[in-house]
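Take a look at this one; I'll ask things after.
The values are calculated or read from the model by the stated rules, or taken from the named source; none is laboratory data. Just so it is clear, the structure is predicted and the values come from calculations on it, not from any experiment. For neighbour counting, all protein chains shown are included, and Cβ atoms are generated from backbone atoms with ideal geometry for every residue, glycine included.
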Amino acid sequence: MIHLSNITKQYGSQILFQNASFQILPGSRAGLVGANGSGKTTVFRLVSGEEQPDAGEVSRPNRLVIGYFSQDVGDMRGRSALEEVMAVAQDVQRLGREIAQMEAAMSEPMDDDAMAKLLERYGDATQEFEHRGGYDLETRAQAMLTGLGIGPKDYNRPVETFSGGWKMRIALARILTLKPDVLLLDEPTNHLDVESIIWLEEWLVSDFKGALLMTTHDRDFMNRLCTRTIEVANKAVITYSGNYDFYERERDIRREQLIATARRQQEAVAKDEEFIARFAARASHAAQVQSRVKKIEKIERVEIPPEQRVIRFEFNEAPRSGDEVVKFEGLAKAWPQEEGGSRSVFGGVSGLIRRQDKIAVLGVNGAGKSTFLKVLAQKTDPTSGVLTLGAGVSFGYFSQHALDVLDPKQTVFETVQAKLPMAPRGQIHNLCAAFLFQGDAVDKRVEVLSGGEKSRVVLATLLARPLNFLILDEPTNHLDIQSREILLDALRRYAGTVVLVSHDRHFLRSLVTRVFELDHGHMRVYEGNYEYYLEKSRA
């Protein structure tokens, strides 16, 4: 369907890929993987036609419909949420108007040839209209919005009144409503909660019949949907015939084989070079020496691609807290409203957090998960109830909002140093390096950092201190899969207590020992891991 043949693309002196080829076949499901900056977004833009290759060819059928969801949603205003979603199908709506005009024309007298031509056009138009889902466009748009967490009461709400994260959902609903032949999804799960991710996953499995190419940091999402994995790395594009887990195993096997091949090649070259050095001065061996010199010159050296850098860190050993870390009774929180009064988030919440618990706080979007964590972290006072910290508890709090309180004029080094004023410079450099800020990168100002880089800075300032209680609100949001795995491994080995909100199901499944579920303002406690929670909550 779409073929990329011998593609070369570079920006300035940076070559993203050279003579790369791959294809997107009808109905195929492929995951696109690679380090940040490797060229994944460029692949999307080449496939969609937004960019052209420097060399090579991209071939696609003329009438192919491509839907591309990117992190840049553009300026949304002047429409309701439902109108914004339906606007993506302007061609379909125009076709519907043409069909109505043709139907009206059919009721007027005309000669047989004109009627035959009109009927032929009408047949083609109605077939295309049906193929593009024109008959159920509004119903489909409503279903997409609802599935992504925007219910009927918000269909007619002006789109400019939604926050950035909710606009991303509207943009995603817009692309899904299009019913494209090829669906390109660049990090579709970034701004979704677990419920919306599961809905999207099920829709793509059950209802979407086109081809899918996507990139995501959600391992479960990738594994469930993808039967092929396309890696962009080291100026090449390599296709693996399996999901992300399969790709990870095969990639490591290929690397080991490449290292072994390179080692054998180096050994063979070393023997030839030793022979040349030993017999170069002997006329009797001149032909043999010359033969081996030419042989070495013709060898295409096996290159070992550099390993992708990932976060590597160990938690500082923290003093032991008491067995009861936090106790809360009758906890309630209500936020004041601009128009007066207040909006209750949760109430009557009681529970106990014990030492070394790894607790997930779950619930639908708007249930109050982040607010509950803010109360735990004493970033906001409860409206009523009592919260008591246990003996010897020293806590740290991570949230996406913490990214906004970084001083934009400070460098990475200065930001971390402010949290460790007595630490030697070498220790701070090591901590920065653990979070992938090495060399000149430590002198970058916060204002020029990406969202992922800011997230790593905040994690570095948090983990620099000897804490025994971590309160983490979406700590994985801007981390790639490899870095999430490193963080997950560190949290599993962490001797302290963790309470977190996350929409990464692999992360929850691998870490959590208890679950607090917020539902309609109340809390249910599940004394088991994430799988236990799923089993009991669905019963």
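For Lys179, work out the one condition from (1) touching a Lys or Arg at 6+ places or on another chain (Cβ under 9 Å); (2) among the charged types (D, E, K, R); (3) at pLDDT 90 or above it doesn't fulfil.
Result: Lys179 passes all but (3).
Here are the criteria: (1) among the polar types (S, T, N, Q); (2) modelled with pLDDT under 90; (3) in contact with a Leu (Cβ under 9 Å, 6 or more places away or on another chain). Tell me which single one Gln400 does not satisfy.
(3)
With respect to the numbered conditions (1) surrounded by fewer than 12 Cβ atoms within 10 Å (Cβ to Cβ); (2) free of Cβ contacts under 8 Å to residues at least 40 places away in the same chain, which one is the sole condition not fulfilled by Gly49?
Result: Gly49 passes all but (1).
Which of the following residues is at pLDDT 95 or above, under 26 Å from Asp323 (Cβ atoms) and not hydroxyl-bearing (Ser, Thr, Tyr): Val512, Val525?
Values: Val525 fails: at pLDDT 95 or above.
Residue meeting the stated conditions: Val512.
Report the residue count in the range 69-123 for those that are aliphatic (A, V, I, L, M), closer than 19 Å to Pro180 by Cα and not in a helix (DSSP H, G or I).
Counting residues in the range 69-123 that are aliphatic (A, V, I, L, M), closer than 19 Å to Pro180 by Cα and not in a helix (DSSP H, G or I) gives 1.
Then there is this: Can you name the residue in the range 134-188 that is aliphatic (A, V, I, L, M) and outside any helix (DSSP H, G or I) and, of all such residues, is farthest from Ser206 (Cα to Cα)?
Filtering the range 134-188 for residues that are aliphatic (A, V, I, L, M) and outside any helix (DSSP H, G or I), the one farthest from Ser206 (Cα to Cα) comes out as Ile150.
Condition first: surrounded by fewer than 18 Cβ atoms within 10 Å (Cβ to Cβ) and assigned to a loop (DSSP other than H, G, I, E, B). Now tell me which residues in the range 317-356 satisfy that.
Listed by number, the residues that qualify are Glu317, Pro319, Arg320, Gly322, Asp323, Gln337, Glu338, Glu339, Gly340, Gly341, Gln356.
Then there's this: Restricting to the range 9-46, count the residues that are buried (at least 18 other Cβ atoms within 10 Å of the Cβ) and on the phi > 0 side of the Ramachandran plot.
The number of residues fulfilling the criteria is 2.
I would also like to ask the following. Looking at (1) crowded, with 17+ Cβ neighbours inside 10 Å; (2) over 30 Å from the mean Cα position of the chain (by Cα), which one does Ser399 not meet, given that it meets all the others?
Here Ser399 meets the rest and fails (2).
What's the number of the condition Val237 fails, among (1) within 51 Å of the chain's Cα centre (by Cα); (2) part of a helix (DSSP H, G or I)?
(2)
While we're looking at this one, here's another question. Just to be sure I understand, how many residues within the range 235-256 are of a type in the set (A, V, I, L, M), surrounded by 12 or more Cβ atoms within 10 Å (Cβ to Cβ) and without any contact (Cβ under 8 Å) to a residue 40 or more places away in the chain?
Residues in the range 235-256 being of a type in the set (A, V, I, L, M), surrounded by 12 or more Cβ atoms within 10 Å (Cβ to Cβ) and without any contact (Cβ under 8 Å) to a residue 40 or more places away in the chain: 1 in total.
Right, here's the next one. What is the number of the single condition among (1) closer than 23 Å to Glu138 by Cα; (2) assigned to a strand (DSSP E or B) that Ser21 does not meet?
Result: Ser21 passes all but (1).
Moving on. Among the numbered conditions (1) exposed (fewer than 12 other Cβ atoms within 10 Å of the Cβ); (2) under 26 Å from Leu204 (Cβ atoms); (3) in contact with a helix residue (DSSP H, G or I) (Cβ under 6 Å, 6 or more places away or on another chain), tell me where Leu95 comes up short.
(1)
Answer yes or no as to whether Arg514 is basic (Lys, Arg) and either free of Cβ contacts under 8 Å to residues at least 12 places away in the same chain or crowded, with 16+ Cβ neighbours inside 10 Å (or both).
Against the criterion (basic (Lys, Arg) and either free of Cβ contacts under 8 Å to residues at least 12 places away in the same chain or crowded, with 16+ Cβ neighbours inside 10 Å (or both)), Arg514 qualifies.
Restricting the range 428-451 to residues that are within 14 Å of Asp404 (Cα to Cα) and buried (at least 17 other Cβ atoms within 10 Å of the Cβ), which is modelled with the lowest pLDDT?
Leu449
Across the range 52-68, which residue is surrounded by the most Cβ atoms within 10 Å (Cβ to Cβ) among those that are in a loop (DSSP other than H, G, I, E, B) and among the charged types (D, E, K, R)?
Taking the range 52-68 as the starting set, the residues that turn out to be in a loop (DSSP other than H, G, I, E, B) are 52-54, 60-65.
Imposing the further condition that a residue be among the charged types (D, E, K, R) reduces the set to 54, 60, 63.
Numbers: Asp54: 13, Arg60: 17, Arg63: 7.
Residue satisfying both the conditions and the ranking: Arg60.
Let me ask you something else. Take the range 481-511 and flag every residue that is part of a loop (DSSP other than H, G, I, E, B) and buried (at least 19 other Cβ atoms within 10 Å of the Cβ).
Hits for the range 481-511 are Tyr494, Gly496, Ser502, His503, Asp504.
A quick yes/no check of all residues on (1) free of Cβ contacts under 8 Å to residues at least 24 places away in the same chain; (2) over 17 Å from the mean Cα position of the chain (by Cα); (3) within 22 Å of Ser80 (Cα to Cα):
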| position | (1), (2), (3) |
| --- | --- |
| Arg174 | no, yes, yes |
| Ser196 | no, no, yes |
| Glu202 | yes, yes, no |
| Phe208 | no, yes, no |
| Met214 | no, no, no |
| His217 | no, no, no |
| Thr227 | no, yes, no |
| Ile230 | no, no, no |
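Additional query: Which residues, counting only those in the range 463-473, are more than 22 Å from Ala391 (Cβ to Cβ) and modelled with pLDDT under 90?
Leu463, Ala464
Same structure again: Please find, among Thr411, Thr388, Thr380, the residue that is among the hydroxyl-bearing types (Ser, Thr, Tyr), closer than 23 Å to Gly452 by Cα and in the same structural domain as Asn468 (by TED's automatic domain parsing).
Being among the hydroxyl-bearing types (Ser, Thr, Tyr), closer than 23 Å to Gly452 by Cα and in the same structural domain as Asn468 (by TED's automatic domain parsing) holds for just one of Thr411, Thr388, Thr380, which is Thr411.
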